[in-house]
Amino acid sequence: MNHPQEPTARPIKILITKIGLDGHDRGSRVVAAHLRDAGMEVVYTPPWQEINAVVKLALEEDVDVIGLSCLATDHLLVPKLMQALRDQGLAHIKVVVGGIVPDEDEALLLDAGVSRVFHPGSSLDDITQTITDLAGPAAVPDEDR
Amino acid sequence: MSTAVDDAAAELVERLLGGQRAALARAITHVESGAAIARRILQAVQPGAGTARVIGFTGAPGVGKSSLINAVIREFRSRSKTVAVAAVDPSSPISGGAILGDRLRMGEHGTDDGVFIRSISSRGHLGGISATTAQVVDLMDAAGWNVVIIETVGAGQSEVEITQIADVSVVVCAPGLGDDVQAIKAGILEIADVLVVNKADQPMADETRKQLVAMLGLRRAERRNVPVLTTVATTGEGVDRLVSVVEQQCQRYPTPKRGQRPHKRLQTLIAQAAARQLQERLATSNEAMIHDLCTRVSRGELSIDSAARTLLDAVLK
């Protein structure tokens, strides 16, 4: 896992961000640093992003995965983000959520198209492996598929 | 090669030239990863490139390049120009990964459709930019963006490759960085078409400006004429003047010079591409041979130079 990518392979590109009004960004920083150490290219933003700004950013950066840190009910905004991504033709981008998500809300997120919810106690290695698996096919340039 | 790749490239380029942002984003991804489709894309956009003004911003880490670019974008937008930014951040020498955080200082343009920001990992390339930055700029140019801004990694004294791409290179300094000996050393200050002392609200700012002016006074007459400006990126102070000076400097080239790039510059770019390809081949060359060479060098039977020559001969054969 901790090896540099082969020169011909494209590193996985991921956006780590926070939507909503919560400003606790320790978790997103820890995850961002770990993913960098796993060889990924991590676009990092501060908290309080607007949904439109996240969509524009994901489009311009052509990311494979979006990781959202949600600690204070911001996960309830995620279905809106999923819809906005689909509206912009970005349904191919995988979305994962980490943080405090009540068990009874998890289905809401998965139904909206979120690939995985990481609850407290998730290991960084599990997060890295899941993201690697999710990005897998997308990390290969189109014409080589 | 399959015609499927040709078709995919043609379709993507058509959407890119039509102004679709997603197509530009995807084309950049292809070019960055050196995919087979990249060559066809670059070939197809060449005729469309050469109309954007390309401005490079470089300077040490922490001088405020990203914040200044944020203010410069605002100024260009008020002059009705569209702006694309290629913001290069360093990749980790250990893992190859990167944290791309330049655009977090450009958040105020987060929902403006007249601004396109792309973060770029240097992917191990030294020199202040990534190996493919020049091609990324060509794509942005062909896609119709009026102004293309390149932000280099926080550069030290020798990351000067930006001059090979940019029409105008802006070197950003912060107050109180070193004495006047630093200011007459060779390197990054020499490549400046415009010098900016950012954070000019800080006490040492005027001192730093004077040192830079004094440095210019020691130069040969024809290289003295470099404007030294002061800005406060966070308030926007001095930014309108900076943009006016940059636009003036662009006028030095009746048509942007990338449309008629001098052969000397192309020679450099081609040599760099060749070096890159060679390095890739060296990295994947015969392990047994490299092991043998290491053994002989460590025994003192062979010098490093002759080992390198042997390896080169084998790879180029």
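When you look at A:V101, is it facing chain B (nearest Cβ under 10 Å) and either in contact with a strand residue (DSSP E or B) (Cβ under 9 Å, 6 or more places away or on another chain) or of a type in the set (A, V, I, L, M, F, W, C) (or both), yes or no? For A:V101, the condition - facing chain B (nearest Cβ under 10 Å) and either in contact with a strand residue (DSSP E or B) (Cβ under 9 Å, 6 or more places away or on another chain) or of a type in the set (A, V, I, L, M, F, W, C) (or both) - is not met.
Reported count of residues in the stretch B:28-39, each being at the interface with chain A (Cβ under 10 Å from one of its Cβ atoms), part of a helix (DSSP H, G or I) and over 23 Å from B:V115 (Cβ atoms), is 4.
If you go through the stretch A:112-135 and keep only what is outside any loop (DSSP other than H, G, I, E, B) and hydrophobic (A, V, I, L, M, F, W, C), you end up with A:V117, A:F118, A:L124, A:I127, A:I131, A:L134, A:A135.
Does A:E60 meet the test of being within 12 Å of chain B (Cβ to nearest Cβ), among the acidic types (D, E) and either out of contact with any Phe, Trp or Tyr (no Cβ under 7 Å at 6 or more places or on another chain) or touching a residue at least 40 places away in the same chain (Cβ under 8 Å) (or both)? Criteria not met by A:E60.
Taking the stretch A:26-56 as the range and being in contact with a Lys or Arg (Cβ under 8 Å, 6 or more places away or on another chain), hydrophobic (A, V, I, L, M, F, W, C) and within 7 Å of chain B (Cβ to nearest Cβ) as the test, the residues that pass are A:M40, A:V42, A:V43. Quick check on my filter: what residues within the stretch A:9-25 are at pLDDT below 95 and more than 7 Å from every other protein chain (Cβ to nearest Cβ)? Within the stretch A:9-25, A:A9, A:G20, A:L21, A:D22, A:G23, A:H24, A:D25 qualify.
So which residues in the stretch B:39-64 are open to solvent by less than 10 Å² (accessible area, probe 1.4 Å) and on the phi < 0 side of the Ramachandran plot, if there are any at all? Write out each step before concluding.
Narrowing the stretch B:39-64 to residues open to solvent by less than 10 Å² (accessible area, probe 1.4 Å): B:41, B:45, B:52, B:54-59, B:63.
B:I41, B:V45, B:A52, B:V54, B:I55, B:G56, B:F57, B:T58, B:V63 - these are the residues of the stretch B:39-64 that are open to solvent by less than 10 Å² (accessible area, probe 1.4 Å) and on the phi < 0 side of the Ramachandran plot.
Among the residues of the stretch A:63-79, those identified as assigned to a helix (DSSP H, G or I) and either of a type in the set (A, V, I, L, M, F, W, C) or within 25 Å of B:R26 (Cβ to Cβ) (or both) are A:L76, A:L77, A:V78. The numbered conditions (1) in a helix (DSSP H, G or I); (2) in contact (Cβ under 8 Å) with a residue 12 or more places away in the chain; (3) more than 19 Å from the chain's Cα centre (by Cα); (4) closer than 22 Å to B:S119 by Cβ are all true for B:A25 except (3). Please go through the stretch B:5-27 and pick out each residue that is aliphatic (A, V, I, L, M) and within 7 Å of another protein chain (Cβ to nearest Cβ). B:V5, B:A8, B:A22, B:A25 - these are the residues of the stretch B:5-27 that are aliphatic (A, V, I, L, M) and within 7 Å of another protein chain (Cβ to nearest Cβ).
Say whether the condition of being under 13 Å from B:D138 (Cα atoms) and out of contact with any Asp or Glu (no Cβ under 8 Å at 6 or more places or on another chain) is met by at least one residue in the stretch B:49-58. So far as the stretch B:49-58 goes, no, none of its residues is under 13 Å from B:D138 (Cα atoms) and out of contact with any Asp or Glu (no Cβ under 8 Å at 6 or more places or on another chain).
Taking the criterion of being among the charged types (D, E, K, R), part of a helix (DSSP H, G or I) and closer than 16 Å to A:V65 by Cα, the only residue of the stretch A:80-111 that qualifies is A:R86.
When you look at B:S67, is it touching a Lys or Arg at 6+ places or on another chain (Cβ under 7 Å), in the same structural domain as B:I120 (by TED's automatic domain parsing) and either surrounded by fewer than 24 Cβ atoms within 10 Å (Cβ to Cβ) or of a type in the set (K, R) (or both), yes or no?
Values: touching a Lys or Arg at 6+ places or on another chain (Cβ under 7 Å): yes; in the same structural domain as B:I120 (by TED's automatic domain parsing): yes; either surrounded by fewer than 24 Cβ atoms within 10 Å (Cβ to Cβ) or of a type in the set (K, R) (or both): yes.
Yes: the conditions hold for B:S67.
Look at (1) outside the structural domain of B:V232 (by TED's automatic domain parsing); (2) open to solvent by 10 Å² or more (accessible area, probe 1.4 Å); (3) out of contact with any Pro (no Cβ under 6 Å at 6 or more places or on another chain) and you find that B:S33 fails only one, number (3). Can you confirm whether B:I55 is within 30 Å of B:V160 (Cβ to Cβ), of a type in the set (A, V, I, L, M, F, W, C) and within 14 Å of another protein chain (Cβ to nearest Cβ)? Spelling it out, it is not the case that B:I55 is within 30 Å of B:V160 (Cβ to Cβ), of a type in the set (A, V, I, L, M, F, W, C) and within 14 Å of another protein chain (Cβ to nearest Cβ).
The values are calculated or read from the model by the stated rules, or taken from the named source; none is laboratory data. None of the values given here were measured: they were computed from a predicted structure. Note: ideal-geometry Cβ built from the backbone for every residue, glycine included; neighbour counts use all protein chains shown. Side chains included, ligands, DNA and RNA excluded: accessible areas come from the protein's heavy atoms. Shrake-Rupley method; radii C 1.70, N 1.55, O 1.52, S 1.80 Å.
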